[in-house]
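The values are calculated or read from the model by the stated rules, or taken from the named source; none is laboratory data. It should be emphasised that the depicted structure is a prediction, and the values quoted were computed from it without experimental measurement. Virtual Cβ from ideal backbone geometry, glycine too; neighbours counted across all protein chains shown. What goes into the accessible areas is simple: the full protein's heavy atoms, side chains included, and nothing from ligands, DNA or RNA. Shrake-Rupley method; radii C 1.70, N 1.55, O 1.52, S 1.80 Å.
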Amino acid sequence: MAAHGFPVSSRKVTVGLLLTGWLEFTRERIRPNTYESYEPNLRRLLEPLGELPLAQLTAPQIRAACRKLRERGLTEYSLHQVHAVLDAH
């Protein structure tokens, strides 16, 4: 992410700031249909993780957030998209 102008290690950078910044940056670089499938799934992560400082994000927190999304009915495909975007960082 640093190569794209996003700070990767700062106490002030939240998961939400990183994800929304990445989504807007990526919007111009992916097909519209791809963006339309990423956007709602990524935004779902903002509720459980958005305010968390990026430096404090842990794998158990991601798993817990994904578990809650699954319990709310998010499909496995959508969860795969969430993981793919998080893995890209």
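Things to note:
- Amide proton proximity set for Thr14, modelled H, under 5 Å, gap of 5+: Leu54
- Surface composition of the chain: carbon plus sulfur atoms contribute 51% of the solvent-accessible area (1.4 Å probe, protein chains only, all chains present).
- The chain - percent relative contact order, Cα under 8 Å, separation 6 or more: 35 percent
- Cα gyration tensor shape of the chain, rounded if a/c is under 1.5, else prolate or oblate by comparing a/b with b/c: oblate
- Local net charge near Leu46, Cβ-Cβ under 15 Å (Lys/Arg +1, Asp/Glu -1): 0
- In this calculation the C-beta distance from Arg31 to Arg72 is compared with R0 = 30 Å, giving a FRET efficiency of 0.65.
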